[in-house]
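The values are calculated or read from the model by the stated rules, or taken from the named source; none is laboratory data. Computed from a prediction, not measured in an experiment: that's the story for all the values here. Ideal geometry is used to build each Cβ from the backbone, glycine not excepted, and the neighbour counts take in all protein chains shown. The accessibility values were calculated without ligands, DNA or RNA, using every heavy atom of the protein model including side chains. Shrake-Rupley method; radii C 1.70, N 1.55, O 1.52, S 1.80 Å.
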Amino acid sequence: METRNSEGKLPTSLKNLDLNKNHGPNPVAAYLSSSRISALRRGPPSLISLCLGVVGRHLEEIIPCLADISHIFPADIKMSITAIAKRRNLLDDDLIISLADTSWEILDVSGSDVSDSGLAKVSEMCKSLRAVDISRCTKITAMGVSELVQNCRSLETLRCGGCPSSESTARRSLSLFKPDLSNVEEETWEELDVAEIGHGGQSLRWLVWPRIDKDSLEMLSMECPRIVVNPKPSFLTYSLHEVPREALPDVALDEPFVKDIDPETWVVRGVVILVKSPTTSSLSLPSSELSIAEKFRLAFAERDARLAPKRAKNARQQQRRAERDWMMSSDEAKAMAFASKATRSLRKK
């Protein structure tokens, strides 16, 4: 009797539930479901993400010393700092060169102050780049794109456009992507080396240029059919595995490196100026209330003072070594050195 009453109280949704139906695989639902589950299971940020957030908030104070300490950072930490600097409008040639790592496979400098020289230097260091975003970079021209294409033979995805200057750069760079046969002297194709057959963006497969003009699109479709412009993954033509994530226009290349960092890190706030007291050289704030930026500054100042004697000792050793090498270079130098010593000894008497 109790069982029948309990069955009568079941909700209608449970009564209509049929566990025996075979609905077949649904990749879209499975992908979205897994995304929701991973989002729900995401725990608190890691200690590394918290530390990167602190560093990112006070990146201006660390930039002058970044070239000296960046070599101790892993490649992913360098990428995270680069992503934060880009979002804080601090990314330029000096910063990207000091952080570039040879193991990088993506490079996102979109909307930054990186120029042709910075892009060329980074492409020389990071020859394994597969995806690069130079959209909205007003200081990058076709010369920088040419250096990128020549140095990075594995480049598959290029993102460009977004502003008038970058649109012009993209149009001027189209000739770099076309197959171009080199002038060779061999008589048969069998004698040609692969590197001699052609040059240019031979590995480029995906071009993300949202506002591409009609003429450029027609030229690419006729002369560079291997390049897919603005790919739009759909379950009729592409799958999630065929179109790489880097080629999706609404996805930032460096997003995975800052996904666990608090977005407040790159919010520009008002600058708080600490004024020194006229009667004392210390700051008006007590030492227990110093800002994190001031603590970083004091730490670097302490490190510089600690290393100053060592630098002075090295300078003296280099000077003595240079004088000794100069003395041994010729008889005239030896005579002048001995005369100088004799003069000093006579003055002492």
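Translational diffusion coefficient, Stokes-Einstein: compute it for the stretch 72-123 using the Kirkwood radius over C-alpha pairs as Rh, at 20 °C and 1.002 mPa s, and state it as an integer in µm² s⁻¹.
197
At 1.4 Å probe size, with the rest of the protein present, what percent of the exposed accessible area of the stretch 32-158 is carbon and sulfur atoms?
55
By per-residue mean of other Cβ atoms within 10 Å, what is the highest-first order of 130-136, 64-70?
Put in order of decreasing packing, that is 130-136, 64-70.
What figure, in Å² to the nearest 10, do you get for the accessible area of F73 with a 1.4 Å probe and non-protein molecules left out?
Taking all protein chains as shown, F73 has close to 60 Å².
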